[in-house]
Amino acid sequence: MIQTVIASSICLVGTGMSIFVLTHLGRSYSLMAEARRLVTTGPYGIIRHPLYVMEELAAFAVLIQFLSFSTVFIFLVHALIQLQRMKNEEAVLEKAFPEYQAYKSSTARLIPGVY
């Protein structure tokens, strides 16, 4: 029971924050990496990929709820795919926006002070 409450709470926070980040991102959101505009304010002023962090938080909640070898495997594959998406996105943004390099050097990719 407590595992369900914890997992549901984490999932709710991750999903709610994902929605918040998406509203801040606005029309700059796309499934495939595109250079529509460079967003560097709000949650993007703290880290470069807040949406990925929040999505992983929600995915981690699912992992907690249904802990098994399969869910750990799926979670790890999902995380690796997200890391590759970040690299692709950063490459597109670096080509399109000369100011991206300064933004990149002033913000963490995922966790301030860590990565």
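The values are calculated or read from the model by the stated rules, or taken from the named source; none is laboratory data. Because the structure is a prediction, the values reported are computed rather than measured. FYI the Cβ positions are ideal-geometry reconstructions off the backbone, even for glycines, and counts take in every protein chain you see.
Observations on the structure shown:
- Out of A35, A7, sole residue that is over 15 Å from the mean Cα position of the chain (by Cα), among the hydrophobic types (A, V, I, L, M, F, W, C) and crowded, with 17+ Cβ neighbours inside 10 Å: A7
- The residues on offer are G42, G16, and the sole one that is over 12 Å from the mean Cα position of the chain (by Cα) and at positive phi is G42.
- The lone criterion from (1) among the aliphatic types (A, V, I, L, M); (2) modelled with pLDDT under 95; (3) in contact with a helix residue (DSSP H, G or I) (Cβ under 9 Å, 6 or more places away or on another chain) left unmet by L31 is number (3).
- Failed criterion for L67 (all others in (1) surrounded by 16 or more Cβ atoms within 10 Å (Cβ to Cβ); (2) under 20 Å from I6 (Cα atoms) hold): (1)
- Scanning segment 24-73 for residues that are of a type in the set (G, A, S) and in contact with a His (Cβ under 7 Å, 6 or more places away or on another chain) yields G42, A59.
- Residue match in segment 56-71 (condition: within 18 Å of Y29 (Cα to Cα), modelled with pLDDT of 95 or more and within 17 Å of the chain's Cα centre (by Cα)): yes
- If you go through segment 100-114 and keep only what is of a type outside the set (F, W, Y) and surrounded by 11 or more Cβ atoms within 10 Å (Cβ to Cβ), you end up with Q101, A102, K104, T107, A108, R109, L110.
- In the set (1) closer than 22 Å to T107 by Cβ; (2) surrounded by fewer than 16 Cβ atoms within 10 Å (Cβ to Cβ); (3) at pLDDT 95 or above, the condition left unmet by V77 is number (1).
- Residues of segment 34-66 classified as farther than 17 Å from I81 by Cβ and out of contact with any helix residue (DSSP H, G or I) (no Cβ under 8 Å at 6 or more places or on another chain), total: 3
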